[in-house]
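Encoded as structure tokens, the structure appears first; notes follow it.
The values are calculated or read from the model by the stated rules, or taken from the named source; none is laboratory data. On a predicted model such as this, the values are computed, not experimentally measured, just so you know. Every residue, glycine among them, receives a Cβ derived from its backbone with ideal geometry; neighbour counts consider all protein chains shown.
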């Protein structure tokens, strides 16, 4: 056994250090299966002290390391290079403190998103951010990616619900960012806001303080079917323009509906519809009756083929089952799924979807669409066989064009999935060399030796060379900070 692996084993024991080639296969990628690379080793700490000890060993040996949660990330963020060690936080899954008076919880990073809501449900509380993978994704991973979810239209992203974090910095020292009273002191630097969404490049959060929300008095969930996608998008625009703020506004296209209805996530969606729009509203009971009537009026105005409203919690769960299970249902279509994450202004949804369809046809790829319509966060899904080099290349090329389309329409390349390794080449679509210089300097302040998740978020020298939009000045801007 190499000396480094021996040192890690002395710290954690043989059962919590994985280094055999076959065993490492489980950590070779995240949900972005295009990029695969087995790490050098995987360690499984269970406490802040153990994370510190591991990081100090790796920093002293100048070995790069990558924090990882459940691996549900869709942009290659926790995928390690061959010389890197994965710090897997799955065993750090304790809820450390609950305050029902001050409405916060302190958790370890391996706590599963939905499990936190289950933990506080008896108190009439919940944790609002709800990625589609919430039954398996972790709070630590959500913090790293600033995850959103279907209810982020009303309730915001992870950063809006994180109050504090205890962070092991890349040299093994500790930093406490924010606390239960708030993310920063008056007039202080918002270091917690900076850390949230840094994709594991600034350090490893080992304790996270999150805001808890009281359950609403009532929830209503409605599903409308439309003969064309444009009508569904226009209904969304009218609902928002009227001043309504639904908890969720989600659209699935016909290809997604049919995949869902042929899967274990079957929810009773009408398969002849070109699109279904799922609208959820919550709040005081007396207000919701009026809001539901307004939503139905907008459905009718845009020619809804049918409208269904959940009569109880069981029906609400059924209507959401198809939406939450949509990505899983795509497994019926091919071996791999490339889930994109572009954002466009809500008023450009129709243009974006038409453009995406044209791109898919041009590249000969199978495209489905399911998205957070309220905030224009699109998730075009490309199904392909990752064992076929040609299919993979066409999927990646189509993805690049789709993200460029989103930027051209006034949007961005990511709403909640992050940059990771997937979008390194695409970052210059949005940011200039001067922008990237500032970002590189900020990252260097946290991670001066570039040992913590290197080669992610910011373009490296090699990825810059692949992008026609990224001038040669990038090498000078990033200097030796690139990989």
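The set of residues from the range 334-375 being touching a strand residue (DSSP E or B) at 6+ places or on another chain (Cβ under 6 Å), in a helix (DSSP H, G or I) and closer than 23 Å to residue 392 by Cβ comprises 356, 360.
With 399, 386 as the choices, which residue is crowded, with 17+ Cβ neighbours inside 10 Å, under 22 Å from the mean Cα position of the chain (by Cα) and in a loop (DSSP other than H, G, I, E, B)?
Numbers: 399 fails: in a loop (DSSP other than H, G, I, E, B).
Only one candidate passes the filter, namely 386.
Matching residues to (1) farther than 30 Å from residue 389 by Cβ; (2) in the same structural domain as residue 386 (by TED's automatic domain parsing); (3) buried (at least 18 other Cβ atoms within 10 Å of the Cβ); (4) more than 29 Å from the chain's Cα centre (by Cα):
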residue	(1), (2), (3), (4)
10	yes, no, no, yes
13	yes, no, no, yes
22	no, no, no, no
40	no, no, yes, no
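I'd like the residue in the range 123-133 that is under 9 Å from residue 113 (Cβ atoms) and touching a residue at least 24 places away in the same chain (Cβ under 8 Å) and, out of all such residues, is nearest to the chain's Cα centre (by Cα). Among those that are under 9 Å from residue 113 (Cβ atoms) and touching a residue at least 24 places away in the same chain (Cβ under 8 Å), it is 131. Counting the residues of the range 293-314 that are assigned to a helix (DSSP H, G or I) and surrounded by fewer than 18 Cβ atoms within 10 Å (Cβ to Cβ) gives 8. For the range 140-166, the candidate set comprises residues that are surrounded by fewer than 24 Cβ atoms within 10 Å (Cβ to Cβ) and under 16 Å from residue 178 (Cα atoms); within that set, the residue that is nearest to the chain's Cα centre (by Cα) is 159. If the condition is being free of Cβ contacts under 8 Å to residues at least 60 places away in the same chain and over 25 Å from residue 245 (Cα atoms), then the range 136-172 contributes 164, 165, 167. Checked across the range 413-420, the condition of being touching a helix residue (DSSP H, G or I) at 6+ places or on another chain (Cβ under 7 Å), assigned to a strand (DSSP E or B) and at negative phi holds for no residue. When the residues of the range 89-109 are filtered to those that are buried (at least 23 other Cβ atoms within 10 Å of the Cβ) and under 18 Å from the mean Cα position of the chain (by Cα), the one that is nearest to residue 207 (Cα to Cα) is 109.
This table checks each residue for (1) at pLDDT below 95; (2) closer than 19 Å to residue 129 by Cα.
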residue: 317; (1), (2): no, yes
residue: 322; (1), (2): no, yes
residue: 332; (1), (2): yes, no
residue: 348; (1), (2): no, no
residue: 351; (1), (2): no, no
residue: 360; (1), (2): no, no
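Within the span defined as the range 24-36, every residue fails to be part of a strand (DSSP E or B) and either at pLDDT 95 or above or under 24 Å from the mean Cα position of the chain (by Cα) (or both). Remark: residue 177 matches the filter, which requires a residue to be free of Cβ contacts under 8 Å to residues at least 40 places away in the same chain, assigned by TED's automatic domain parsing to the domain that holds residue 107 and at negative phi. All of (1) outside any helix (DSSP H, G or I); (2) more than 15 Å from residue 322 (Cβ to Cβ); (3) in contact (Cβ under 8 Å) with a residue 40 or more places away in the chain hold for residue 243 with one exception: (3).
Under the condition of being touching a helix residue (DSSP H, G or I) at 6+ places or on another chain (Cβ under 9 Å) and part of a strand (DSSP E or B), which residue from the range 196-213 is nearest to residue 314 (Cα to Cα)?
Looking only at the range 196-213, we keep the residues that are touching a helix residue (DSSP H, G or I) at 6+ places or on another chain (Cβ under 9 Å), and these are 196-208, 210-213.
Filter once more, keeping what is part of a strand (DSSP E or B): 204-208, 210-211, 213.
Working: 204: 39, 205: 36, 206: 36, 207: 34, 208: 32, 210: 28, 211: 27, 213: 22 Å.
Checked the range 196-213; the qualifying residue nearest to residue 314 (Cα to Cα) is 213.
Any chance the range 200-220 includes a residue that's touching a residue at least 12 places away in the same chain (Cβ under 8 Å) and at positive phi? Looking for residues that are touching a residue at least 12 places away in the same chain (Cβ under 8 Å) and at positive phi, one finds at least one in the range 200-220, hence yes. For the residues 105, 128, 144, the requirement of being under 29 Å from residue 324 (Cα atoms), assigned to a loop (DSSP other than H, G, I, E, B), in contact with a strand residue (DSSP E or B) (Cβ under 9 Å, 6 or more places away or on another chain) and not assigned by TED's automatic domain parsing to the domain that holds residue 60 singles out 128. Per this entry, residue 387 is counted among residues that are over 19 Å from residue 326 (Cα atoms), in contact with a strand residue (DSSP E or B) (Cβ under 9 Å, 6 or more places away or on another chain) and in contact (Cβ under 8 Å) with a residue 40 or more places away in the chain. Set side by side, the residues 78, 64 differ, and just one is crowded, with 22+ Cβ neighbours inside 10 Å, over 26 Å from residue 113 (Cα atoms) and at pLDDT 95 or above, which is 64. Every test in (1) out of contact with any strand residue (DSSP E or B) (no Cβ under 8 Å at 6 or more places or on another chain); (2) over 30 Å from residue 413 (Cβ atoms) is passed by residue 75 save one, and that test is (2).
Taking the options 175, 183, name whichever one is touching a helix residue (DSSP H, G or I) at 6+ places or on another chain (Cβ under 6 Å) and either surrounded by fewer than 23 Cβ atoms within 10 Å (Cβ to Cβ) or modelled with pLDDT under 95 (or both). Spell out how you get there, then give the answer.
Numbers: 175 fails: touching a helix residue (DSSP H, G or I) at 6+ places or on another chain (Cβ under 6 Å).
Just a single option satisfies the conditions, and that option is 183.
Does residue 317 count as touching a residue at least 40 places away in the same chain (Cβ under 8 Å) and assigned to a helix (DSSP H, G or I)? Please lay out each step first, then the result.
Numbers: touching a residue at least 40 places away in the same chain (Cβ under 8 Å): no; assigned to a helix (DSSP H, G or I): yes.
In short, no.
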